[in-house]
Every structure is written in structure tokens, then in C-alpha cells.
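Following: one structure in C-alpha cells, then a few remarks.
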């Protein structure tokens, strides 16, 4: 009978054992600890159909609630191919920082917010309250693109683990492995400043009158 390798990690060490049967060859499992295989291509995500890019939580496949309402110990999120139909908005994931730590990985294809330099098998870690968002190339393309119905990231699959806890890198992950992109922050260095403090929106007389009437009614 075929031998099965069982590898377990404990205290930063890997331990290996062999057995003549699969560890999944069982009659029952205790509680909710059940192995399950699921094709992520079949998961139906929900995307914005109005005017704005929704929070990544709408792409959540599985979640482990945290001690406080509104935050999770871990959310498992995917970004599969989908349709983008929003109007009057910036469609890619916008620049943000939040209370959740985000560990994201690319399984195959290209990721819409960083099509160059982020290959399948790669991952990014943005700790809580760390600003991040699309790279310069993605920003410029999305800012000038026509807002018509498009298929987003066809032929790709990426995932993300979100957690209200802080995550740290091991010494092997940060130094020994030698695959950390030390110039990762350079993808944002070319972003141009577009803020104009002297710009004021033009209001039509009818708009002002409508606002005045609304204020009076309140």
C-alpha cells in the first residue's frame, strides 16, 4: 500500500512521519474539525452594481468572528474574475488603511492592482493601519479608462486573509529565504499629486435653490 507522508510544524521545527493509509481515511471527525475541499471557481462573489467599490468583506468565503463585533480573528477572502459596472468612481481597490492586517496571495493570473512584478505564488503583507493601494501603472490606467462594463481580472484567482491581529514575519521569512522584495514601496513612488486646494466645484443656480429649499424643510 502507498505510504503517506505526514508533516507537522511545532516550535519552528518540521517533523515527518509515514503511515500506510491516508489521514483522511476516517469514519467521523470530532466537532467542526472536518477536512473539506472546495473549488473556489464556484464561489459566487458579490460586486458593486451601483457607483462605488465595496469593502473587500463582500468577497468573504469563510470567517472566524473575533471578540468584538465588526472585526474577525480571520476572514478568508478571494478576488476572482468578475464584472465591473460601476459609474463615477475609481474601480480598482482604492488607497486605504484599516484596522485589519491583510495577507494576500496570487494563485494564478495577474492581480488588477499590481499587474507587473506580482507573480503567481507571491504574497504581500500589509499590517494594520499601513497605507496601501494600487501601483502607479494601475492608478494612471484606471483614472483615464472609460467607465464602461468590463470583465475584471479574467483568468486569475487571488486570495486574502484579513485579521484584527498583528502578524509578524519569522527570521526565515524576512531574511533567510532571500525572496523578499526590498523595493516593494517603489511601486508608489511615481504617483503624482493631483490635489488642488484652490479648486471649487461649480454649482448651478437650480442646485443652490434646491439645497436652500431642502434646508428650510428640515
How many residues, within segment 57-71, are in a loop (DSSP other than H, G, I, E, B) and surrounded by 12 or more Cβ atoms within 10 Å (Cβ to Cβ)?
2
Quickly run through segment 126-137 and pick out the residues that are buried (at least 17 other Cβ atoms within 10 Å of the Cβ) and either in contact with a helix residue (DSSP H, G or I) (Cβ under 9 Å, 6 or more places away or on another chain) or part of a loop (DSSP other than H, G, I, E, B) (or both).
132, 133, 134, 135
Out of the residues in segment 72-91 that are in contact with a strand residue (DSSP E or B) (Cβ under 9 Å, 6 or more places away or on another chain) and outside any strand (DSSP E or B), which is surrounded by the fewest Cβ atoms within 10 Å (Cβ to Cβ)?
81
Does segment 35-56 contain any residue that is touching a residue at least 60 places away in the same chain (Cβ under 8 Å) and surrounded by fewer than 11 Cβ atoms within 10 Å (Cβ to Cβ)?
yes
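Okay, residues lined up against (1) modelled with pLDDT of 90 or more; (2) surrounded by fewer than 11 Cβ atoms within 10 Å (Cβ to Cβ):
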site	(1), (2)
162	yes, no
183	no, yes
187	no, no
198	no, yes
206	no, yes
Which one of these is touching a strand residue (DSSP E or B) at 6+ places or on another chain (Cβ under 7 Å) and more than 24 Å from residue 61 (Cα to Cα): 138, 164?
138
Taking segment 1-24 as the region of interest, how many residues are assigned to a loop (DSSP other than H, G, I, E, B) and at pLDDT 75 or above?
8
Somewhere in segment 63-78, is a residue modelled with pLDDT under 90, touching a helix residue (DSSP H, G or I) at 6+ places or on another chain (Cβ under 9 Å) and on the phi > 0 side of the Ramachandran plot?
no
Regarding residue 85, is this residue within 21 Å of residue 110 (Cβ to Cβ) and over 16 Å from the mean Cα position of the chain (by Cα)?
yes
Taking residue 125 as meeting all but one of (1) at pLDDT 90 or above; (2) out of contact with any strand residue (DSSP E or B) (no Cβ under 8 Å at 6 or more places or on another chain), write down the number of the exception.
(2)
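The values are calculated or read from the model by the stated rules, or taken from the named source; none is laboratory data. This structure is a prediction, so every number in the text was calculated from the model and none was measured. We place every Cβ from the backbone using ideal geometry, glycine too, and count neighbours over all the protein chains shown.
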